[in-house]
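The values are calculated or read from the model by the stated rules, or taken from the named source; none is laboratory data. Since the structure is predicted, the reported quantities are computational estimates derived from the model, not experimental observations. Positions of Cβ are generated from backbone atoms using ideal geometry, with glycine treated the same way; all protein chains shown enter the neighbour counts. All accessible areas refer to the heavy atoms of the entire protein, side chains included, with ligands and DNA or RNA removed. Shrake-Rupley method; radii C 1.70, N 1.55, O 1.52, S 1.80 Å.
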Amino acid sequence: ETGVTQSPTHLIKTRGQQVTLRCSSQSGHNTVSWYQQALGQGPQFIFQYYREEENGRGNFPPRFSGLQFPNYSSELNVNALELDDSALYLCASSSPLGTSGGGQDTQYFGPGTRLTVL
Amino acid sequence: AQSVTQPDIHITVSEGASLELRCNYSYGATPYLFWYVQSPGQGLQLLLKYFSGDTLVQGIKGFEAEFKRSQSSFNLRKPSVHWSDAAEYFCAVAPGGKLIFGQGTELSVKP
């Protein structure tokens with residue numbers, strides 16, 4: 001069974017640029033969640049995707065956007081990068097209980113993408 | 001609002017000693033509770049989870065946690081710590097499918 005994978009591992013961008021981070025979910029999981037973890041902090045929920053639709057969003061501005069593909073992999077896009085966007089970005093996949101989605105089941109995390117904005 | 005508090009930012013224990021990491025949560029309904037561990041520069045690994053039933057849950061690597069509704073706590077314990085347990089530990093609650101994490105407790109293990 002393949003776990004959650006993320007690419008790239010590290011990324012350096014400059015302020016104002018755009019970035020795309022990628023995540024492949026664990027086999028059998030149809031829900032993907034993205035988290036931002038600033039240095040010394042706990043992860044903060046960005047948003048969740050279930051069956052290619054956004055299914056919940058945290059307190060992040062619209063310049064943070066995402067996609068989920070038919071194979072359940074996902075992308076996180078961040079436009080107009082700011083210095084404070086420097087963080088570890090974590091992707092987690094899960095298989096929701098029932099049919100309503102929501103990812104109530106356990107979330108399994110990938111290794112993360114370290115983004116540095118200069 | 002839902003929240004998780006981990007009162008101890010940093011704990012140091014001797015190898016072989018027992019460990020207890022504290023976690024308090026604020027949530028209106030019956031919570032889903034988790035403990036994750038993170039090694040430096042790595043993702044999060046699930047140690048254990050509580051959804052319902054027995055309030056003492058067993059996890060991987062010899063960890064256990066006890067859910068106490070009256071105290072809104074979900075403390076993590078291990079009877080004998082190994083040097084490889086040195087890492088950051090996060091408690092989380094899951095309202096509506098998203099995880100809300102505490103600030104984390106960094107565990108150092110001294111020989």
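Only one of the listed residues (B:Ser70, B:Ser80) is at pLDDT 95 or above, open to solvent by 50 Å² or more (accessible area, probe 1.4 Å) and not aromatic (Phe, Trp, Tyr). That residue is B:Ser80. B:Arg69 satisfies every condition listed in (1) of a type in the set (Lys, Arg); (2) more than 10 Å from chain A (Cβ to nearest Cβ); (3) within 22 Å of B:Ser18 (Cα to Cα) except (3). Those residues that are among the small types (Gly, Ala, Ser) and open to solvent by 30 Å² or more (accessible area, probe 1.4 Å), I need them from segment A:24-43; list them, please. If the condition is that a residue be among the small types (Gly, Ala, Ser) and open to solvent by 30 Å² or more (accessible area, probe 1.4 Å), then A:Ser24, A:Ser27, A:Gly28, A:Ala38, A:Gly40 are the ones that fit. In segment B:78-94, the residues that are within 14 Å of chain A (Cβ to nearest Cβ) reach residues that are part of a strand (DSSP E or B) and open to solvent by 40 Å² or more (accessible area, probe 1.4 Å) with C-beta atoms within less than 7 angstrom, at least six apart or across chains, in these pairs: B:Glu88/B:Glu106. Exactly one of these conditions fails for A:Arg22: (1) more than 14 Å from chain B (Cβ to nearest Cβ); (2) more than 10 Å from the chain's Cα centre (by Cα). Give me its number. Going through (1) more than 14 Å from chain B (Cβ to nearest Cβ); (2) more than 10 Å from the chain's Cα centre (by Cα) one by one, A:Arg22 breaks only (2).
Quick grid of which residues meet (1) open to solvent by 40 Å² or more (accessible area, probe 1.4 Å); (2) over 22 Å from A:Thr2 (Cβ atoms); (3) within 14 Å of another protein chain (Cβ to nearest Cβ):
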| position | (1), (2), (3) |
| --- | --- |
| A:Arg51 | yes, no, yes |
| A:Asn59 | yes, yes, yes |
| A:Ser74 | no, no, no |
| A:Val78 | no, yes, no |
| A:Asp84 | yes, yes, no |
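One residue is enough: does segment B:22-39 have a residue meeting the conditions open to solvent by less than 50 Å² (accessible area, probe 1.4 Å), of a type in the set (Val, Ile, Thr) and not in a loop (DSSP other than H, G, I, E, B)? Yes - at least one qualifying residue is present in segment B:22-39. Annotation for segment A:92-112: no member residue is in contact (Cβ under 8 Å) with a residue 40 or more places away in the chain, out of contact with any helix residue (DSSP H, G or I) (no Cβ under 6 Å at 6 or more places or on another chain), away from chain B (no Cβ under 11 Å) and open to solvent by 70 Å² or more (accessible area, probe 1.4 Å). Taking the criterion of being in contact (Cβ under 8 Å) with a residue 60 or more places away in the chain and within 14 Å of chain A (Cβ to nearest Cβ), the residues of segment B:95-111 that qualify are B:Pro95, B:Leu99, B:Ile100, B:Phe101, B:Gly102, B:Gln103, B:Gly104, B:Thr105, B:Glu106. For the criterion of being crowded, with 18+ Cβ neighbours inside 10 Å and either farther than 30 Å from A:His10 by Cα or among the charged types (D, E, K, R) (or both), B:Lys110 fails. If you check A:Leu76 against the conditions, is it of a type outside the set (Asp, Glu) and either at pLDDT 95 or above or under 10 Å from the mean Cα position of the chain (by Cα) (or both)? When the stated conditions are applied, A:Leu76 passes them.
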